[in-house]
């Protein structure tokens, strides 16, 4: 479902393409043995290679290559057995070599495609143009000294995958869904932790507008956006800015813009004329990257079940709704949790409990699934108690609340609090008789044809038994008594 | 005791083994020679204390029977090799005060074999030059002079300091690096032997880069055997250099059997240049006759793309250099000239830090890689390079080695070729094609010019067939029986 901007002269369609920079999960850097871990003291993880000392040479980290291939397979993409590292030349204080080693004309991964999940379980296919490996630059700190900048080279040389999409997205929601899907896939694969706050995933967003069905317009690129929310705001602002320009007879200039989340606007960083000439050429310090089909197959064999096939299986084999299945597979941890709960049980019931009660409680308390006081086997036990008639669904919710607060087991709580469902027909019959005796007018109305009052009697009986009466047994006894 | 500096490495090795003298004595003699050679300006940094210490250690090892293949041999190191704790300049102002915390693989290999470092020798700035006139540390002077003429001559370049030190007996051997002829041409100009191995034979790790796809370290010494001994110690696979090749290092010295019967020597017709001096042509013919007399078979060959080699080289090498030298930005080490902002600091640092020839090549290289020019220059040059490599490949189907002159002339005077960079670049006309093809090549002193200056002949081999090159070079050397040495005028 595309975003349409209604201008004075007609409707405009938004066209979006994304370049996602995903930090490869790897112990060491792309071309040196220095640690790639996040959060160390400045300049404590810098090898001579990362600092571009004279005579230092890059050596490719095979683990990073495997991770790129793995990601490519997860994006249903063509893996290029022959690829080339190029130098992208530009001067900046946090770029020690004076060039970034990247891949330009011959990337390690070619065209692929993914499905994005939209509202109501709808999906759309988005094309992947390519994925290439490159090294990150260091970090400039401009707020440490009145006139000098400080440089931290810990990040210098850290391996990144740049995942480039086709300009296939038509709304901020689709762009958000795309980022979430990429994040989900790389997290399933274990190739990137997807942490946007720590900068392990950032996006360059290309936006253009066009009259519906016409040729693509001129695009602007907004760099280094590190939250899905900011990305959507930036797209909306930028699309409207471009429509305003075009409607007032102007032309959109191709340029790089910066999104300022504080002001909620985009600003020009550099125009096409000011754009760098990166003077790409193959890095003569590195041989072309070559591997055989067996290398790819070895990696393919270790791929986990990815979100889309998992979702399809949840729908087909477990009978879940597309919406529920989509929610459950988005994060691998959630899917694993759900499957542990659903194992040997009613999958729909398990899905309801995970999505409804568990997520509700996690949200309310601001906890992650990893910190959940109720682990999958414990939730499974609770569901078993419902299934075997020990407790009712309503009581189960109370029990869950208690489990979440105290971490106690469901059976213990039921035992301690005497919440066991009453199926003793004598006790139930006594309760029913008391309710009927107390409400002669309602009984008369019911018998006069007001069937809906059955619920009222049910409720009264349940209340009288503190909810512990087995609803099936209550119905069985109550109905003939009311019918007289 | 006779003058220990006049010994070859092989002779010194034998003397040390027999106990005729110690490494301390051998090293002391060279330190004296090094000090006396100051007028040649071959050394940028002398390290006599370290040399004595290393020599003492060597003698201790030898006493324990643990001597390595080059144990106790004093060598000069081109100041393009990073040496741990010793100033490393690349003969450039921009590396002011740069003292590496690491040792290049090639020099580490030499020290592991027991060699002793006398000091770091001068070169053209970042190895860019053919006359050693572009060093920030001043010109290197060739120990040779024209007969009856006291004017100073260039030693060739870029390994001019290495060549001058070896030719003046102030080092037994030296490391060089060859990008387009920087080992072979100065060897020819100073009457010594210079060997450029196959690209990938020696590690480039820790060698300040000029043009990464061409740079190759190699030995310079006074005999073919000495270069063979040195190369065996220097060479070897290095996992830290992705372009180094994982092949065993042969015993190069053992390859010098003295027997080249039936060896096929290619003579490329394209190397016979218009206007080439008579004496170069005559020397070449003499070389052909010597090898023939030793039983080799002479085969006329064609390397049709030879004339495109220089233009291609002067695109590829500057293009790579323009990127390799981007790291000298004043941010982390070496010279920094402050400015009002980052860009001005870059501009000031690089304007002051680089000399004219380096700037010229950085500009050429930057231009050649620019958007819109890349295809016409860099890509085209790479295609030419592939054709040149193919020429050699075809030729080597029929021959084992190729014989050519090393340089189109003998050593020339300072400033003689300074005005026109193109004229200077022509010095490399015979050495550049093999560099582009990554082939091994050696320059062997073969005779004297009419003015009494040394002239070299070049033998080129198949990839990783240095053994055949050494074998043929040994025979050529013996036939040429080049024994001339420069008068030691610099001792005053």
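The values are calculated or read from the model by the stated rules, or taken from the named source; none is laboratory data. As the structure is a computational prediction, the values presented were derived from the model and not from experiment. So basically every Cβ, Gly included, is an ideal-geometry build from the backbone, and we count neighbours across all protein chains shown.
Is it true that residue B:76 is touching a strand residue (DSSP E or B) at 6+ places or on another chain (Cβ under 7 Å), under 18 Å from residue B:216 (Cα atoms), more than 14 Å from chain A (Cβ to nearest Cβ) and touching a residue at least 12 places away in the same chain (Cβ under 8 Å)?
Working: touching a strand residue (DSSP E or B) at 6+ places or on another chain (Cβ under 7 Å): yes; under 18 Å from residue B:216 (Cα atoms): yes; more than 14 Å from chain A (Cβ to nearest Cβ): yes; touching a residue at least 12 places away in the same chain (Cβ under 8 Å): yes.
Yes.
When we screen A:274, A:339 for residues that are farther than 30 Å from residue B:205 by Cα, out of contact with any strand residue (DSSP E or B) (no Cβ under 8 Å at 6 or more places or on another chain), within 14 Å of chain B (Cβ to nearest Cβ) and without any contact (Cβ under 8 Å) to a residue 24 or more places away in the chain, the only hit is A:274.
Could you run through segment B:194-228 and say how many residues are crowded, with 24+ Cβ neighbours inside 10 Å, touching a residue at least 60 places away in the same chain (Cβ under 8 Å), away from chain A (no Cβ under 14 Å) and outside any loop (DSSP other than H, G, I, E, B)? Total satisfying the criteria: 9.
Only one of the listed residues (B:412, B:354) is farther than 30 Å from residue B:299 by Cβ, in contact with a helix residue (DSSP H, G or I) (Cβ under 9 Å, 6 or more places away or on another chain) and more than 14 Å from chain A (Cβ to nearest Cβ). That residue is B:412.
In segment B:108-118 there is at least one residue matching the filter, namely being out of contact with any helix residue (DSSP H, G or I) (no Cβ under 7 Å at 6 or more places or on another chain) and within 14 Å of chain A (Cβ to nearest Cβ).
For beta carbons closer than 6 Å, sequence separation of 6+ or different chains, a first residue in segment A:432-457 that is free of Cβ contacts under 8 Å to residues at least 12 places away in the same chain and a second that is loosely packed, with under 11 Cβ neighbours inside 10 Å and in a loop (DSSP other than H, G, I, E, B), there are no qualifying pairs.
If you check residue A:3 against the conditions, is it at negative phi and modelled with pLDDT of 95 or more?
Working: at negative phi: yes; modelled with pLDDT of 95 or more: no.
It is false that residue A:3 is at negative phi and modelled with pLDDT of 95 or more.
The single condition from (1) part of a loop (DSSP other than H, G, I, E, B); (2) within 13 Å of another protein chain (Cβ to nearest Cβ) that residue B:69 fails is (2).
Of B:288, B:315, all but one fail to be in a helix (DSSP H, G or I), within 14 Å of chain A (Cβ to nearest Cβ) and either touching a residue at least 40 places away in the same chain (Cβ under 8 Å) or surrounded by fewer than 21 Cβ atoms within 10 Å (Cβ to Cβ) (or both); the exception is B:315.
Go through segment A:37-71 and report how many residues are under 30 Å from residue A:112 (Cβ atoms) and in a loop (DSSP other than H, G, I, E, B). Full working, then the answer.
From segment A:37-71, those under 30 Å from residue A:112 (Cβ atoms) are A:37-38, A:58-71; that's our starting set.
Still in the list and also in a loop (DSSP other than H, G, I, E, B): A:37-38, A:58-61.
The total comes to 6.
The set of residues from segment A:269-297 being modelled with pLDDT of 90 or more and exposed (fewer than 13 other Cβ atoms within 10 Å of the Cβ) comprises A:288, A:290, A:292, A:293, A:294, A:297. For segment B:240-249, the tally of residues that are within 14 Å of chain A (Cβ to nearest Cβ), in contact (Cβ under 8 Å) with a residue 12 or more places away in the chain and more than 24 Å from residue B:432 (Cβ to Cβ) stands at 1.
The set of residues from segment A:153-178 being over 22 Å from residue A:193 (Cα atoms) and in a strand (DSSP E or B) comprises just one member, A:169.
Of the residues examined, residue A:72 is not one that is at pLDDT 95 or above and within 14 Å of another protein chain (Cβ to nearest Cβ). Selection of segment B:115-136 for residues being assigned to a loop (DSSP other than H, G, I, E, B) and surrounded by 24 or more Cβ atoms within 10 Å (Cβ to Cβ) yields B:115, B:122, B:123, B:124, B:128, B:129, B:130, B:131, B:132, B:134, B:135. Looking across segment B:39-53, the residues that are surrounded by fewer than 23 Cβ atoms within 10 Å (Cβ to Cβ), part of a helix (DSSP H, G or I) and touching a residue at least 60 places away in the same chain (Cβ under 8 Å) come down to B:39, B:48, B:50.
Among the residues that make up segment A:205-222, is at least one of them within 30 Å of residue A:304 (Cβ to Cβ) and either assigned to a loop (DSSP other than H, G, I, E, B) or without any contact (Cβ under 8 Å) to a residue 40 or more places away in the chain (or both)? Checked against the condition, which is being within 30 Å of residue A:304 (Cβ to Cβ) and either assigned to a loop (DSSP other than H, G, I, E, B) or without any contact (Cβ under 8 Å) to a residue 40 or more places away in the chain (or both), segment A:205-222 yields no hits at all. Condition first: within 14 Å of chain B (Cβ to nearest Cβ) and in a strand (DSSP E or B). Can you find one or more residues in segment A:75-87 that meet it? Yes: one or more hits.
Taken residue by residue, segment A:336-346 has no member that is over 18 Å from residue A:381 (Cβ atoms), surrounded by fewer than 17 Cβ atoms within 10 Å (Cβ to Cβ), in the same structural domain as residue A:378 (by TED's automatic domain parsing) and in contact with a helix residue (DSSP H, G or I) (Cβ under 6 Å, 6 or more places away or on another chain). Where helices (runs of 4 or more DSSP H) fall wholly inside segment B:372-437, the ranges with 1 or more residues that are farther than 23 Å from residue B:177 by Cβ and touching a strand residue (DSSP E or B) at 6+ places or on another chain (Cβ under 6 Å) are B:380-395.
Give segment B:388-404 a look and list any residue that's out of contact with any helix residue (DSSP H, G or I) (no Cβ under 6 Å at 6 or more places or on another chain) and buried (at least 17 other Cβ atoms within 10 Å of the Cβ), or say none. Working first, answer last.
Pass one, segment B:388-404, residues out of contact with any helix residue (DSSP H, G or I) (no Cβ under 6 Å at 6 or more places or on another chain): B:390-391, B:393-399, B:402.
Correct list: B:391, B:395, B:396, B:399, B:402.
The residue that is surrounded by the fewest Cβ atoms within 10 Å (Cβ to Cβ), counting only those in segment B:447-470 that are more than 18 Å from the chain's Cα centre (by Cα) and part of a strand (DSSP E or B), is B:448. Restricting segment A:207-262 to residues that are modelled with pLDDT under 90 and closer than 17 Å to residue A:167 by Cβ leaves a set whose member that is surrounded by the fewest Cβ atoms within 10 Å (Cβ to Cβ) is A:213.
Taking the criterion of being more than 14 Å from chain B (Cβ to nearest Cβ) and touching a strand residue (DSSP E or B) at 6+ places or on another chain (Cβ under 8 Å), the only residue of segment A:43-54 that qualifies is A:45. Given the conditions (1) within 23 Å of residue B:10 (Cβ to Cβ); (2) within 14 Å of chain A (Cβ to nearest Cβ), and given that residue B:237 satisfies all but one, which numbered condition is not satisfied? Of (1) within 23 Å of residue B:10 (Cβ to Cβ); (2) within 14 Å of chain A (Cβ to nearest Cβ), only one is false for residue B:237: (1).
Scanning segment B:329-351 for residues that are facing chain A (nearest Cβ under 9 Å) and part of a loop (DSSP other than H, G, I, E, B), we see that the one that is nearest to residue A:98 (Cα to Cα) is B:329.
Considered as a group, the residues in segment A:89-131 that are part of a loop (DSSP other than H, G, I, E, B) and within 22 Å of residue A:306 (Cβ to Cβ) include one that is farthest from the other protein chains (Cβ to nearest Cβ), and that residue is A:122.
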